[in-house]
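Asks: There's a structure below that I have some questions on.
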C-alpha cells in the first residue's frame, strides 16, 4: 500500500522500514502460518458439527449459499455479515459444511496472529519478544479452541488487530493512506461483532490528544470515527434482514434482552464497572501467566504489590456491596477445570466441578497477582500508538459492564491489547520461565481440544443412534447446541405444544420436555436406550447416555 504523506511528521523508529526488516517480518509470518498449518493437519479439529452459538451464523451461510440472500437469525446479537460472507467464500468450492466453516476460522486465526506480530513490531517490540507475544495469543486455550469453530470471536480479533496495525502505522508515519486502511478494516470488524465500536473511538481520541497538528485535523478525526457511522447503518440494515423465529424478549442473552439490559444498566454502572474490572483482572491474569512468570523479578514484584493490594481492596469492596463476579476458570466459561469448549456443560446431567472452592479461590487469587505483575510494567508515559492500544483496552473493559459480557470468550478481545502494552514497554523477560509456562498452555490447548472433539463426537453419535431408530429431530433433546441447530435453525422441525405452537428446549424452554433425551449421566424417570463412551486425556472420561422417557405407572 502506498502511504499518502501529505504532511511531514517527526522522525520515528517506524517511519521508514528497512527492506531487511520487512523481509524478516514476512519470513516470520510465513513461519506462523506454517506452524498453524502443521497443527491443523496433526490435530484436525474440523468436525462437521456446530459449536456453542456458531449454528446461528452457519444458518446465515447456508441460506446465502441456497440463494436466499444475506439474512440473520434473531438469536444473533449482531448483524455479522462480514463473518457470514467470509464463511460463504470458503464454502463456495465444496458446498456448505461445518468442516469448511471451521477451517475458515482457522485461516482467520492465522491472519490474526500475523496481524498481531506486525502490530507488535510496529510498536517497537523486538523480534523475539514479538514472537513470544504471538505464541502467547495463539496457544491461549480459549483462542486455540475458538479457532476451530465458526464463532465470531477469532474473526473479530483478526479484523481488529489488522485495523490496529493500520492505525499505529498511520500515527507513526503520518499517513492518510494507512488511516483510510484503518477505517476500512475497523468497518469490517464492526460487521463481525458490535464491540468493534471501541477502536474508532480510541483512534479519534488518540488523534485529538496526541496526534499533533496532523492528527488534530477535523477531517482525519472524522475519518477515524467513520466506522461508527458504518456500524449504525449496519444495525439499521440488519433490522430489515433479520428472520424472527419467536419472541425472545424474556430470554437472557438475546438481542432484545441486551438492549433492555443496556437501558437498565446505566444506573448500576459503578457496580457493573467493579464487576468488569475484577472479572477481567482475574481471568486475564490467568491468560497472561506465561508473561507474568517471565516478569517475576524483584523490581517488578515490588512495583506490582500496590496494584495487587488495590485489587484485593476491590474484592473486599465487591463483597461489601454484594457484587458477584465470575472467578477465573469459572464453571460456566469456555475454559474451565474439567473441560475446554463448554460443550458438556450445555447437555443435561452436567457433572459437578472437579475442584473444591478453595482451589478455585486460589486460582482466582493467582490471576489477580498475575494481572498486578503485568500492570506494574505499564507505569510510564505512553506514546501515541501505545495510547491508542491503552484506550482500546479501557474501552473493551467498559463494554464488559455495559453489554453484560462477563465471560472468558468476550475477554479474549482484551488479551492482545494487554500483551501489546506490556511488551511495548520492553521489559526484561525471563525466557525460560515464559517458555515453561507457555508449554503448559500448549499442552492444555492441544489436549483440551482433542478431549472436546472426543466428547462432541460421542454426543452427536448419540443423536445419530436415535435418528437411525426412526426418531424424528422434533423428539430429540440433546442440549443447547444440538437443539439450537435441529430446532431453532429449522423451526419446521421444532417440537410443538398441545396448541401446535413451536417451542425450543434449552433456548426458550427448559430441557427434558421431549420423549428422548441425551445426557451426561442416567437421569431419574428416564430409561437408558444406549450409551456412547468417550475418553479424555485430561478431565473425566465417561459415556453419553441416550435416554427415553420412562412409562407413566
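Asks: How many residues are assigned to a loop (DSSP other than H, G, I, E, B) and either surrounded by 24 or more Cβ atoms within 10 Å (Cβ to Cβ) or on the phi > 0 side of the Ramachandran plot (or both) if we restrict to the range 51-62?
Replies: 2
Asks: Name the one entry in 469, 461, 428 that is surrounded by fewer than 20 Cβ atoms within 10 Å (Cβ to Cβ) and within 30 Å of residue 391 (Cβ to Cβ).
Replies: Answer to the selection: 428.
Asks: Could you list, in sequence order, all residues of the range 483-497 that are crowded, with 20+ Cβ neighbours inside 10 Å and in contact (Cβ under 8 Å) with a residue 40 or more places away in the chain?
Replies: 484, 485, 488, 489
Asks: Take residue 285 and decide whether it is crowded, with 22+ Cβ neighbours inside 10 Å and touching a strand residue (DSSP E or B) at 6+ places or on another chain (Cβ under 9 Å).
Replies: No; evaluated as a whole, the condition is false for this residue.
Asks: For residue 79, work out the one condition from (1) within 25 Å of residue 336 (Cβ to Cβ); (2) touching a strand residue (DSSP E or B) at 6+ places or on another chain (Cβ under 6 Å) it doesn't fulfil.
Replies: (1)
Asks: Does the range 432-449 contain any residue that is surrounded by fewer than 22 Cβ atoms within 10 Å (Cβ to Cβ), under 30 Å from residue 528 (Cβ atoms), in contact with a strand residue (DSSP E or B) (Cβ under 6 Å, 6 or more places away or on another chain) and at pLDDT 95 or above?
Replies: no
Asks: A follow-up question, please. Tell me yes or no: at least one residue of the range 313-323 is touching a residue at least 24 places away in the same chain (Cβ under 8 Å) and in contact with a strand residue (DSSP E or B) (Cβ under 6 Å, 6 or more places away or on another chain). Outline the logic, then answer.
Replies: Kept after step one, since they are touching a residue at least 24 places away in the same chain (Cβ under 8 Å), are these residues of the range 313-323: 314-315, 317-318, 321, 323.
Next, from what is left, pick out any that are in contact with a strand residue (DSSP E or B) (Cβ under 6 Å, 6 or more places away or on another chain): none.
Within the range 313-323, not a single residue is touching a residue at least 24 places away in the same chain (Cβ under 8 Å) and in contact with a strand residue (DSSP E or B) (Cβ under 6 Å, 6 or more places away or on another chain).
Asks: On to the next question. How many residues, within the range 364-390, are surrounded by fewer than 17 Cβ atoms within 10 Å (Cβ to Cβ) and farther than 13 Å from residue 424 by Cα?
Replies: Of the residues in that region, 1 qualify.
Asks: For the range 262-292, what are the residues that are in contact (Cβ under 8 Å) with a residue 60 or more places away in the chain and farther than 26 Å from residue 316 by Cα?
Replies: Of everything in the range 262-292, those that are in contact (Cβ under 8 Å) with a residue 60 or more places away in the chain and farther than 26 Å from residue 316 by Cα turn out to be 262, 290, 291.
Asks: Sticking with this structure for a sec: Looking at (1) in the same structural domain as residue 302 (by TED's automatic domain parsing); (2) at pLDDT 95 or above; (3) over 17 Å from residue 288 (Cβ atoms), which is the only condition residue 402 fails?
Replies: So residue 402 meets the others, but not (2).
Asks: Related question: Being under 21 Å from residue 276 (Cα atoms) and surrounded by 19 or more Cβ atoms within 10 Å (Cβ to Cβ) narrows it down to one residue among 343, 332, 336; which is it?
Replies: Working: 343 fails: under 21 Å from residue 276 (Cα atoms); 332 fails: surrounded by 19 or more Cβ atoms within 10 Å (Cβ to Cβ).
Of the residues listed, the single one that is under 21 Å from residue 276 (Cα atoms) and surrounded by 19 or more Cβ atoms within 10 Å (Cβ to Cβ) is 336.
Asks: Just to check your reading of the model, which residue among 470, 500, 539 is farther than 30 Å from residue 247 by Cβ, without any contact (Cβ under 8 Å) to a residue 12 or more places away in the chain and outside any strand (DSSP E or B)?
Replies: Being farther than 30 Å from residue 247 by Cβ, without any contact (Cβ under 8 Å) to a residue 12 or more places away in the chain and outside any strand (DSSP E or B) holds for just one of 470, 500, 539, which is 470.
Asks: While we're looking at this one, here's another question. What number of residues within the range 461-501 satisfy the criterion of being within 24 Å of the chain's Cα centre (by Cα) and under 26 Å from residue 144 (Cβ atoms)?
Replies: 6
Asks: Another one. Name every residue in the range 421-458 that is within 10 Å of residue 294 (Cα to Cα) and in a helix (DSSP H, G or I), in order of residue number.
Replies: Once the filter is applied, which keeps residues that are within 10 Å of residue 294 (Cα to Cα) and in a helix (DSSP H, G or I), the range 421-458 yields 431, 432, 433, 434, 435, 436, 437.
Asks: Just wondering, is there one or more residues in the range 39-50 that are out of contact with any strand residue (DSSP E or B) (no Cβ under 9 Å at 6 or more places or on another chain) and at positive phi? Quick ask: steps written out before the conclusion?
Replies: If we filter the range 39-50 for residues that are out of contact with any strand residue (DSSP E or B) (no Cβ under 9 Å at 6 or more places or on another chain), which is where we start, we get 39-50.
Next, only the ones that are at positive phi stay: 44.
Looking through the range 39-50, at least one residue is out of contact with any strand residue (DSSP E or B) (no Cβ under 9 Å at 6 or more places or on another chain) and at positive phi.
Asks: Can you name every residue in the range 210-243 that is outside any helix (DSSP H, G or I) and closer than 30 Å to residue 60 by Cα?
Replies: Of everything in the range 210-243, those that are outside any helix (DSSP H, G or I) and closer than 30 Å to residue 60 by Cα turn out to be 240, 241, 242, 243.
Asks: I'd like the full set of residues that are in a loop (DSSP other than H, G, I, E, B) and under 14 Å from residue 540 (Cβ atoms), limited to the range 313-340. First the steps, then the outcome.
Replies: Taking the range 313-340 first, the residues in a loop (DSSP other than H, G, I, E, B) are 321-334, 336-339.
Result: 331, 336, 337, 338, 339.
Asks: Separate question: Looking at the range 398-408 only, could you name the residues that are in a helix (DSSP H, G or I) and either in contact with a strand residue (DSSP E or B) (Cβ under 6 Å, 6 or more places away or on another chain) or buried (at least 21 other Cβ atoms within 10 Å of the Cβ) (or both)? Quick ask: steps written out before the conclusion?
Replies: Residues of the range 398-408 in a helix (DSSP H, G or I): 398-402, 408.
Result: 400, 401, 408.
Asks: What single numbered condition from (1) under 30 Å from residue 478 (Cα atoms); (2) in contact (Cβ under 8 Å) with a residue 60 or more places away in the chain fails to hold for residue 48?
Replies: Among (1) under 30 Å from residue 478 (Cα atoms); (2) in contact (Cβ under 8 Å) with a residue 60 or more places away in the chain, the lone unmet condition for residue 48 is (2).
Asks: From 85, 34, 65, 101, which residue is over 21 Å from the mean Cα position of the chain (by Cα), modelled with pLDDT of 95 or more and surrounded by 12 or more Cβ atoms within 10 Å (Cβ to Cβ)? Walk me through how you get there before you give the answer.
Replies: Details: 85 fails: over 21 Å from the mean Cα position of the chain (by Cα); 34 fails: surrounded by 12 or more Cβ atoms within 10 Å (Cβ to Cβ); 101 fails: over 21 Å from the mean Cα position of the chain (by Cα).
Of the residues listed, the single one that is over 21 Å from the mean Cα position of the chain (by Cα), modelled with pLDDT of 95 or more and surrounded by 12 or more Cβ atoms within 10 Å (Cβ to Cβ) is 65.
Asks: In the range 360-390, which residue that is free of Cβ contacts under 8 Å to residues at least 12 places away in the same chain and part of a helix (DSSP H, G or I) is nearest to residue 532 (Cα to Cα)?
Replies: Taking the candidates together, the pick is 362.
Asks: Looking for something in a helix (DSSP H, G or I), surrounded by fewer than 21 Cβ atoms within 10 Å (Cβ to Cβ), at pLDDT 95 or above and within 22 Å of the chain's Cα centre (by Cα) - is there at least one such residue anywhere in the range 179-190?
Replies: yes
The values are calculated or read from the model by the stated rules, or taken from the named source; none is laboratory data. None of the values given here were measured: they were computed from a predicted structure. For neighbour counting, all protein chains shown are included, and Cβ atoms are generated from backbone atoms with ideal geometry for every residue, glycine included.
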